[in-house]
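Visitor: So that we are looking at the same thing, I have put the structure below in structure tokens.
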Amino acid sequence: MALSASAASAGRGSRAEKVRRIFERFDANGDGGLNRDEMAQLVVAVNPRVKFSEDQISAILDEVFRTYAEFILPDGKGLSLSGLLRTYDDGAGDVDRDFLALSLPAVDSDASSPEIAPGDAATPSSPPSGAAVAASLLDDHVKPLGTGGGAPPSFSSRAAAAAAAPAWATSPNHGIAFDSSWGLLDDLEILVKRLRSKQQRKGSIDGSVGGGAGNSNFDSFSEAGWSREISGAADSASSAAPWDETSRDYLTFVKELAVLRTRADASRSREEAFDNHMVIGRALSEHRLFRDALASFRRACELQPTDVRPHFRAGNCLYALGRHAEAKEEYLLALEAAEAGGSQSADILPQIHVNLGIAMEAEGMVLGACEHYREAAILCPSHARALKLLGSALFGVGEYRAAEKALEEAIFLKPDYADAHCDLASALHAVGDDDRAIQEFQKAIDLKPGHVDALYNLGGLNMDAGRFVRAAEMYTRVLSIRPNHWRAQLNKAVALLGQGESEEAKKALKEAFKMTQRVEVYDAISHLKTLQKKKPKASKGKDDGQGEQAYVVVEASKFKRVGRNTTLRQDLANALDIRSFERMTKLGHCDVELVRKEMNETDVPVSYSGTGIPEKSIRKAALEVILRRLLSFLKPDTFQGAIKAINERILSVLDAPGSGRVDLGMFFAIIAPICSGPVERRKRVVFDSLLFRPASEGSNGQIRRSDALTYIKLLRAVYIPAHGASDMLEMHGESDPTMVSYTEFLEMFNDPDWGFGILSTLVKLEESDHIRHGRHTCSICRYPIIGSRFKETKHSFSLCNRCYSEGKVPSAFKLEEYRFKEYGRE
């Protein structure tokens, strides 16, 4: 229904009165004009959520004074009252909202208004001026929160919108496309501000909430794997902000947020609704309300399933919430959409690869992460962070030279990259270049004095070099920054022991135990007490300064066995090494039947190597997925350690040319002997794994002798590298075309000299893990003996598995030969 002339006149008068009061509020010198300083104060006051720089303010004022030059008073007085009213009439601001924002007293509907010269005020049908075309920070057609009417925004210009809005809001590719989204954004900011204010007042949260990473100390660590450059500070938080989501205030906020979402769904088009939900989601992300942001991005995904942006943003939220597996799935959907989008998605593709790699690393899938970091670096060679993450991941799987190269490239692109310097130092230390490593650690510390990882790892380097005093200093610095860093506390105790400070070391160990309650720390404290009680008298033999018995190392030929059941010293050394690898990879807890199951269910296409031999090979990253299923009981960080050990010891042998591919059947055959299960079943799975290879298909349950020999060669190269198989190959040949049955294969496998006869010793170690020998302790290390006890028959001293395998005997007993008898049980 049309308004009467008198009603329209009254509304006009009320509006003009509000403009007059706003004008008088900022006309500080009372000269009838708003100069640049006064106008700047007005712009800032009615845009409380925007932080303007001086340049941005200057740009806004230039636009206003240029567009409304006819209303500028002489002598520097500035914009007249008529000019300010004109800006509002042109749609450059919302009078009502600005009036409320300034908390000015209400205006009666019949209030008188100043006289305005004819023509000063534009009619509603007048075309908007230059500043108004660009309009405002928010839309003048959007309904205010919870109402049905329109509400233009606070006084601003397009210059303000471009200069002061968040970067993502004005980005041509990922910013705000519809005017209605601006209104939703402004109303959402009000809701969040209200929620924050209430929760701060009640002490539920601190002042950092809603401001990105807040006052957290994440920067003192090496980056945990979150892409700040591509996701923004809000998305880069390693965990959700501590909003109190159980409070009544938060539940009220959620209900009010639902109203905004309903408004978004009621948009005129699917595209506009999509833009609305994306804006809501990104704003919530900026305030670290990731759970609520996720709901908005999920709705956007429903509206436009093939758009890359909502999947990418949803992945960021899921990662921030610690839901890494779901984050990975969203990034994969984003990757699929980006690859289908062609050149339109080229800019975001490297970002997706980086964040996908980060999510995979959080699950322990480091080999897969390497592939995505590498792809990001190829797509964007100047992406220093992608190169840094690639180098760190390569270091994590034991490929130190490749890690060194990637990290050096990252530093070349970004010389002040403290985390890259730190990880490069770690890689250099791993390859034995300690001088350069110290320099790089020091660069990281110079760039970031509180860099915990650099200090901690520099302490480790000094420990390895025997510089215990310097190591203890580094660990002390770590603890000054991170008082609850139990590993630093534990290593400080070890460094103090190295200095001979037993009492101080004991105190440090007790502190570490308080922090972590780990049983291994408790055992270390108990052992230290035992050493102090039993500390031997000084002798001329070796003594480590920590109370161990002085000893000498004798050559293997002087160790004689009493009875055939006593294990040879060298065999025990090899078996202990394999057992250590078995424990590190946790393959000893993987049922060998699961390997057979993977073999039967994994469909691998046949490919051809450079020699033309058919094989079922897969990429390392795909093999990692299979291993994740086999070792599904492991936590991500433990699985990452297992992958590193497997890559260093097995994959480096199977992929000697560095192609990145591995013969799957051969890999299964290599790991089967150290999986759990009866020995005969392990051997059967080995044989079935060799049958799984294309060369053995259709051979009536037999394999080629040459394949069997190749397998045993690789098996020994992996597990007994000091005793390679070159002699075996020279004697038996590797091109024998004859076929062998399972029985014949077992004869080859069980051969103690040329096969893998050591498996029987390994099984004995597995079975004796929990065997104790009463009060018997090792005469060298003084630890209680676990597993087999080796007793020297003449002098009756006892050795544990480890000391026997290393040839250590007490220096008090110097003999031409030592005769040992092995006791499995007392």
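Visitor: Which of the residues that make up segment 782-826 are within 22 Å of Val763 (Cβ to Cβ), open to solvent by 70 Å² or more (accessible area, probe 1.4 Å) and modelled with pLDDT under 90?
Guide: Scanning segment 782-826 gives Ile786, Arg825, Glu826.
Visitor: Restricting segment 413-430 to residues that are assigned to a helix (DSSP H, G or I) and over 27 Å from Ala642 (Cα atoms), which is most open to solvent (accessible area, probe 1.4 Å)?
Guide: Leu413
Visitor: So which residues in segment 606-631 are open to solvent by 30 Å² or more (accessible area, probe 1.4 Å) and part of a strand (DSSP E or B)?
Guide: Result: Ser607, Tyr608, Pro614, Glu615, Arg619.
Visitor: I've got another one for you. Of everything in segment 56-96, what is in a loop (DSSP other than H, G, I, E, B), over 47 Å from the mean Cα position of the chain (by Cα) and within 19 Å of Asp27 (Cα to Cα)? Give them in sequence order.
Guide: Scanning segment 56-96 gives Tyr68, Pro74, Asp75, Gly76, Lys77, Ser80.
Visitor: Let me ask another. Just to be sure I understand the filter: pairs with C-beta atoms under 9 Å, separated by 6 or more residues or on different chains, first member in segment 451-470 and open to solvent by 40 Å² or more (accessible area, probe 1.4 Å), second member hydroxyl-bearing (Ser, Thr, Tyr). Which pairs pass?
Guide: Listed pairs, sorted by first residue: Asp453/Ser220; Asp453/Ser222; Asp453/Ser426; Tyr456/Tyr475; Asn457/Ser426.
Visitor: Sticking with this one: Would you point out which residue out of Asp637, Asp603 is surrounded by fewer than 17 Cβ atoms within 10 Å (Cβ to Cβ) and not in a helix (DSSP H, G or I)?
Guide: Sole residue among the options that is surrounded by fewer than 17 Cβ atoms within 10 Å (Cβ to Cβ) and not in a helix (DSSP H, G or I): Asp603.
Visitor: Only one residue in Leu762, Leu746 is crowded, with 18+ Cβ neighbours inside 10 Å and farther than 24 Å from Tyr818 by Cβ, so which one is that?
Guide: That would be Leu762, the only listed residue that is crowded, with 18+ Cβ neighbours inside 10 Å and farther than 24 Å from Tyr818 by Cβ.
Visitor: Further question: Test Ala410 against the criterion of being surrounded by fewer than 24 Cβ atoms within 10 Å (Cβ to Cβ), among the aliphatic types (A, V, I, L, M) and either touching a residue at least 60 places away in the same chain (Cβ under 8 Å) or farther than 20 Å from Ala337 by Cβ (or both), and give yes or no.
Guide: So Ala410 fails the test.
Visitor: Any residue that is more than 20 Å from Asp90 (Cβ to Cβ), modelled with pLDDT under 85 and of a type outside the set (S, T, N, Q) - is there at least one of those in segment 180-196?
Guide: no
Visitor: Right, another one. Sort out which residues of segment 643-682 are polar (S, T, N, Q), open to solvent by 50 Å² or more (accessible area, probe 1.4 Å) and assigned to a helix (DSSP H, G or I), and write them in order of number.
Guide: The one that is polar (S, T, N, Q), open to solvent by 50 Å² or more (accessible area, probe 1.4 Å) and assigned to a helix (DSSP H, G or I): Ser652.
Visitor: Follow-up question, since we're still on this one. For a quick check of your reading of the model, give me the residue pairs whose first member lies in segment 332-357 and is under 12 Å from His311 (Cα atoms), whose second is basic (Lys, Arg), with beta-carbon atoms closer than 7 Å and at least 6 apart or on different chains.
Guide: Leu356/Lys328
Visitor: Out of the residues in segment 583-600 meeting the condition of being under 22 Å from Thr710 (Cβ atoms) and more than 30 Å from the chain's Cα centre (by Cα), tell me which one is most open to solvent (accessible area, probe 1.4 Å).
Guide: That would be Arg596.
Visitor: Hey, another quick one. Going through segment 252-271 one residue at a time, which ones are assigned to a helix (DSSP H, G or I) and open to solvent by 10 Å² or more (accessible area, probe 1.4 Å)?
Guide: Thr252, Val254, Lys255, Glu256, Ala258, Val259, Arg261, Thr262, Arg263, Asp265, Arg270, Glu271
Visitor: Restricting segment 284-317 to residues that are open to solvent by 20 Å² or more (accessible area, probe 1.4 Å) and of a type in the set (Asp, Glu), which is farthest from Asp265 (Cα to Cα)?
Guide: Looking at residues that are open to solvent by 20 Å² or more (accessible area, probe 1.4 Å) and of a type in the set (Asp, Glu), I get Glu286.
Visitor: Could you figure out which of (1) at pLDDT 95 or above; (2) open to solvent by 10 Å² or more (accessible area, probe 1.4 Å) isn't true of Gly322?
Guide: (1)
Visitor: Report every pair of residues separated by at least 6 positions or lying on different chains whose Cβ atoms are under 9 Å apart, first residue within segment 556-567 and open to solvent by 60 Å² or more (accessible area, probe 1.4 Å), second in a helix (DSSP H, G or I).
Guide: Once the first residue is open to solvent by 60 Å² or more (accessible area, probe 1.4 Å) and sits in segment 556-567, its partners that are in a helix (DSSP H, G or I) give Arg561/Arg569.
Visitor: Let me ask something additional. Among the residues of segment 751-793, which ones are in contact (Cβ under 8 Å) with a residue 24 or more places away in the chain and part of a helix (DSSP H, G or I)?
Guide: Answer for segment 751-793, where residues must be in contact (Cβ under 8 Å) with a residue 24 or more places away in the chain and part of a helix (DSSP H, G or I): Leu759, Ser760, Thr761, Leu762, Val763, Lys764, Leu765, Glu766.
Visitor: Taking segment 57-71 as the search range and keeping residues that are β-branched (Val, Ile, Thr) and in contact (Cβ under 8 Å) with a residue 24 or more places away in the chain, which one is surrounded by the most Cβ atoms within 10 Å (Cβ to Cβ)?
Guide: Val64
Visitor: To continue, here is another question. Restricting attention to segment 542-577, which residues are in a strand (DSSP E or B), modelled with pLDDT under 90 and touching a helix residue (DSSP H, G or I) at 6+ places or on another chain (Cβ under 9 Å)?
Guide: Within segment 542-577, Tyr551 is the sole residue that qualifies.
Visitor: Any idea which of Ala314, Ala295, Ala338 is of a type in the set (A, V, I, L, M), closer than 25 Å to Asn276 by Cα, modelled with pLDDT under 95 and not in a loop (DSSP other than H, G, I, E, B)?
Guide: So the residue among Ala314, Ala295, Ala338 that is of a type in the set (A, V, I, L, M), closer than 25 Å to Asn276 by Cα, modelled with pLDDT under 95 and not in a loop (DSSP other than H, G, I, E, B) is Ala338.
Visitor: If Pro605 passes every condition in (1) in contact (Cβ under 8 Å) with a residue 12 or more places away in the chain; (2) on the phi < 0 side of the Ramachandran plot but one, which one does it miss?
Guide: (1)
Visitor: Of the numbered conditions (1) at pLDDT below 85; (2) within 30 Å of the chain's Cα centre (by Cα); (3) within 24 Å of Tyr719 (Cα to Cα), Glu615 fails exactly one; give the number of that condition.
Guide: The one condition Glu615 does not meet is (2).
The values are calculated or read from the model by the stated rules, or taken from the named source; none is laboratory data. Note that the coordinates shown come from a computational prediction; the quantities given were computed from them, not determined experimentally. Ideal geometry is used to build each Cβ from the backbone, glycine not excepted, and the neighbour counts take in all protein chains shown. Each accessible area value is taken on the protein alone, full model and side chains, heavy atoms only, with ligands, DNA and RNA left out. Shrake-Rupley method; radii C 1.70, N 1.55, O 1.52, S 1.80 Å.
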